[in-house]
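The values are calculated or read from the model by the stated rules, or taken from the named source; none is laboratory data. No experiment lies behind these values; they were computed from the predicted model shown. Cβ coordinates were reconstructed from backbone atoms using ideal geometry, including for glycine residues, and neighbour counts include every protein chain displayed. In case anyone asks, the SASA skips ligands and DNA or RNA and just uses the protein heavy atoms, side chains included. Shrake-Rupley method; radii C 1.70, N 1.55, O 1.52, S 1.80 Å.
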Amino acid sequence: MDLADAAEKYMVYIAMPACRMRMLYIVQGLKSAYASNSSEVPSDKDNIITIVEFAVEHSYMDIVDEVAPLLMMMEPKLESTIFLLPVDRQAYWALYWEQWLGVHREACSALLTHKTSCKLDACKSHPQAFEMKHMMKLDHFISRFNVRPHTGLREWKGKVNADILAITKFSSICDKYREEPEDSDEETSEA
C-alpha cells in the first residue's frame, strides 16, 4: 500500500495502473477466499479497510465496487462503515447499504417461509439465523441444514443470488446522485 500511496502522491504514472491492478487482484483474492472459507467473516479486515480508504481517496471506484460487498459482510452495521468514507459519499453509502439490507430482509423472509412449509424435518428444525455475513456464502449456509439441497433451497439460493446481482454498484449510486453544476449562469446570459 505504501508503494501505491507514493505512486499517487508523486504522480508516478507508470506505477499507478500496476498498483491499481494489484489492489484489484488482492480484493478478488479476498472475495474468493471468503466465499470458499468456512469462517464467518472476512479474515483480513485491516487490509480491506485500508483498500477502501485508499480507493475512495483516489477515486478508484471500480476497486470500491469490488470491495464493498466484503465490507458489508465484515461490518453489516451502517455506523461501522459509513465513517470510512468522506462526508460527501456517506449518503451514497447509506443508499448502497440499504439495498443490501433489503436483500437480506427478503432472504430472511423467504427462508422462514421455506422452513415453515418444507416437509423435511431438517429444514423445519434448522436453528441457524441467516445473517448478513452469510449473503456471499450461501452454499456454506445451506450445508448447515444437513440435508441435500432440494428444490426449495435451490430456488431460495437462486433468488438471493439474483437479488444480490441486482444491487446497484456504489459507484453507480455516486454517479446517479452526484449534483450537477447548475446552469443558471448560462440561462441568465442567454435571456
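Can you give me the solvent accessible area of His140 with a 1.4 Å probe, rounded to the nearest 10 Å²?
Here the residue's solvent-accessible area equals roughly 50 Å².
Using the basic label-point model (7 angstrom from Cα toward the beta carbon), what is the Asp175 to Glu155 distance in nanometres?
According to this spin-label approximation, the distance is 3.6 nm.
What Kirkwood hydrodynamic radius, in Å, does the chain give when the mean of 1/r is taken over all pairs of distinct Cα atoms and then inverted?
Computed over the chain, the radius equals 18.9 Å.
Please compute the contact order of the range 1-105 in relative form: average sequence separation of alpha-carbon pairs under 8 Å and at least six residues apart, divided by the residue count, as a percent.
So the answer I get is 21 percent.
Sort Asp46, Asp62 by accessible area with a 1.4 Å probe, largest first.
In descending accessible area the options line up as Asp46, Asp62.
Read phi for every residue in the range 138-145 and hand back ³J(HN,Hα) as whole Hz from Karplus 6.51 cos²θ - 1.76 cosθ + 1.60, θ = phi - 60°, with x for Gly and Pro.
5, 4, 5, 5, 5, 4, 6, 6
Could you work out how far apart the two model spin labels at Glu131 and Ala18 are, taking each label as a point 7 Å from the Cα in the direction of the beta carbon, and quote it in nm?
4.1 nm
Using a 1.4 Å probe on the protein heavy atoms only, what accessible surface does Thr151 show? Give it in Å² to the nearest 10.
So the heavy atoms of Thr151 present about 80 Å² to solvent.
Below 8 Å between Cα atoms, with a sequence gap of 6+, how large is the relative contact order for the chain in percent?
It comes to 21 percent, rounded to a whole number.
Have a look at Gly102, Ser32, Gln128 and report the one farthest towards the positive end of the charge dipole of the chain, computed about the Cα centre with Cβ charges (Lys/Arg +1, Asp/Glu -1).
Gln128
At a 4.7 angstrom Cβ threshold, list every cysteine in the chain that has nobody to pair with, or say none.
Cys19, Cys108, Cys174
Please list, in order along the range 75-88, the HN-Hα scalar couplings obtained from phi with the Karplus expression 6.51 cos²θ - 1.76 cosθ + 1.60 (θ = phi - 60°), rounded to whole Hz, x for Gly and Pro.
Rounded to whole hertz, the list is 9, x, 7, 4, 5, 7, 10, 4, 7, 6, 9, x, 3, 5.
Can you tell me the order of 50-56, 83-89 when each peptide is scored by its average per-residue count of other Cβ atoms within 10 angstrom, highest first?
Packing proxy ranking, top to bottom: 50-56, 83-89.
What is the packing order of peptides 158-171, 109-122, taking the mean over residues of other C-beta atoms within 10 Å and listing the highest first?
Most protected by this proxy first, the peptides run 158-171, 109-122.
Using 7 Å Cα-to-Cβ label points, what is the Glu79/Ala166 separation (nm, one decimal)?
3.1 nm
Give me the number: length gained by fully extending Ala35 to Asn146, i.e. 0.36 nm times residue separation minus the C-alpha to C-alpha distance, one decimal in nm.
Additional length available on full extension: 38.0 nm.
Any lysines with Cα under 27 Å of the Lys45 Cα? List them, leaving off those in the same chain fewer than 8 positions away.
Candidates past the 8-residue exclusion: Lys9, Lys31, Lys77, Lys133, Lys137, Lys157, Lys169.
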